Amino acid sequence: MVKSSAAGLDAVFAALSDSTRRAVLESLSEGSHPVTELAHPHDMSLPGFMKHLRVLEDAGLIERSKEGRVVQCTLSAEPIRVAAAWLSPYQKFWTERLDVLGRYLKQQEKSKS
Amino acid sequence: MTNPAPEDRPSLSFARTYDSSPEEVWRAWTDPEALKVWLKPEDAFSISVAEAEVRVGGRFRLLMISGEGKEHEISGVYREVIPNRKLVMTWTWKSAPGVESLLTVILRPLGAGTELELRHEGFVEIDDRITHEDGWKGSLTLLQRHLTSGK
């Protein structure tokens, strides 16, 4: 299980905060695609599009591989799972419970002394 | 409704340090009277029953009432028990009986205090869009929904 580092989470959420990049991830959730195919629906230059792919790659969300003359993109599930877990209600639950546990323990110490 | 496989489900880990000794922290996790005070979903909840048969195979049960008067129950079985060191238990909501998650609590002495590590694995979100076979695709949907709705 990949532990969610703060920097890693920042990179994932920053990567997701753009509609072009989210569209790329949605396309890739159906399966791998060549870069040119991914770029096609978007109204921007290829270098501009490649910048978006680099942001996604740096966040660990996609992997690029060359197959002959074609560069294929594949979705990496693990960072998405980590980020989604962060949004889980259990994140809030345990964060709060462990705070309350801390207060409970302090109270117990006080009532002993 | 099919649930994602355990390896596709989210898992969380937390680390905290407390000034209390591992024995005190262990007591907070294993004494039913202590659990009633701190282990509830929200402060507005009250725990009416807490059972903790802290031994391998022993039963864990919390029966609680929400601020609106609704009853909720969590139960589980202890899998590993190493006093003042490690507690592993299953964690199941009565309202979602097919979903068993695993809770691991590890305590390490840190000076006079304690370093606590908690892992909660294998839980499934109570959201129909997440509970299908492609667990990670569901996670992507959840993320997109949260990000685009400005929550």
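The values are calculated or read from the model by the stated rules, or taken from the named source; none is laboratory data. As the structure is a computational prediction, the values presented were derived from the model and not from experiment. All Cβ positions, glycine included, derive from the backbone under ideal geometry; neighbour counts span all protein chains shown. Protein only, heavy atoms only, side chains kept; ligands, DNA and RNA dropped before computing areas. Shrake-Rupley method; radii C 1.70, N 1.55, O 1.52, S 1.80 Å.
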Could you list all residues from segment A:72-93 that are exposed (fewer than 15 other Cβ atoms within 10 Å of the Cβ) and either free of Cβ contacts under 8 Å to residues at least 12 places away in the same chain or not in a helix (DSSP H, G or I) (or both)?
A:Thr74, A:Pro89, A:Lys92
Going by what's in this entry, would A:Lys51 be described as more than 10 Å from chain B (Cβ to nearest Cβ), open to solvent by 30 Å² or more (accessible area, probe 1.4 Å) and modelled with pLDDT under 95?
no
Of all residues in segment B:15-33, which are in contact (Cβ under 8 Å) with a residue 40 or more places away in the chain and either in a strand (DSSP E or B) or more than 17 Å from the chain's Cα centre (by Cα) (or both)?
B:Ala15, B:Arg16, B:Thr17, B:Tyr18, B:Asp19, B:Ser20, B:Ser21, B:Pro22, B:Glu23, B:Glu24
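Residues checked against (1) of a type in the set (Gly, Ala, Ser); (2) within 14 Å of chain B (Cβ to nearest Cβ); (3) over 30 Å from B:Tyr18 (Cβ atoms); (4) surrounded by 12 or more Cβ atoms within 10 Å (Cβ to Cβ):
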| site | (1), (2), (3), (4) |
| --- | --- |
| A:Ser5 | yes, yes, no, no |
| A:Pro41 | no, no, yes, no |
| A:Thr95 | no, yes, no, yes |
| A:Gln107 | no, yes, no, yes |
Identify, by number, the condition in (1) surrounded by fewer than 16 Cβ atoms within 10 Å (Cβ to Cβ); (2) at positive phi that A:Glu63 doesn't meet.
(2)
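Each row is one residue, and each column tells you yes or no for (1) under 16 Å from the mean Cα position of the chain (by Cα); (2) within 11 Å of chain A (Cβ to nearest Cβ).
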position	(1), (2)
B:Ile47	yes, no
B:Ala52	yes, no
B:Gly67	no, no
B:His72	yes, no
B:Tyr78	yes, no
B:Trp91	yes, yes
B:Leu102	yes, no
Would you point out which residue out of B:Leu63, B:Leu39 is open to solvent by less than 30 Å² (accessible area, probe 1.4 Å) and within 12 Å of chain A (Cβ to nearest Cβ)?
B:Leu39
Give the residue, chosen from A:Gly60, A:Gly31, that is within 13 Å of another protein chain (Cβ to nearest Cβ), assigned to a loop (DSSP other than H, G, I, E, B) and of a type outside the set (Asp, Glu).
A:Gly31
Return the total of residues in segment B:90-124 being modelled with pLDDT of 95 or more, within 19 Å of B:Phe60 (Cα to Cα) and exposed (fewer than 15 other Cβ atoms within 10 Å of the Cβ).
0
Test: B:Leu87 is within 18 Å of B:Ile106 (Cβ to Cβ) and either assigned to a strand (DSSP E or B) or open to solvent by less than 70 Å² (accessible area, probe 1.4 Å) (or both):
yes
Answer with yes or no whether A:Val100 is β-branched (Val, Ile, Thr) and open to solvent by 50 Å² or more (accessible area, probe 1.4 Å).
no
Across segment B:12-25, which residue is nearest to B:Glu80 (Cα to Cα) among those that are touching a strand residue (DSSP E or B) at 6+ places or on another chain (Cβ under 6 Å) and open to solvent by 30 Å² or more (accessible area, probe 1.4 Å)?
B:Ser13
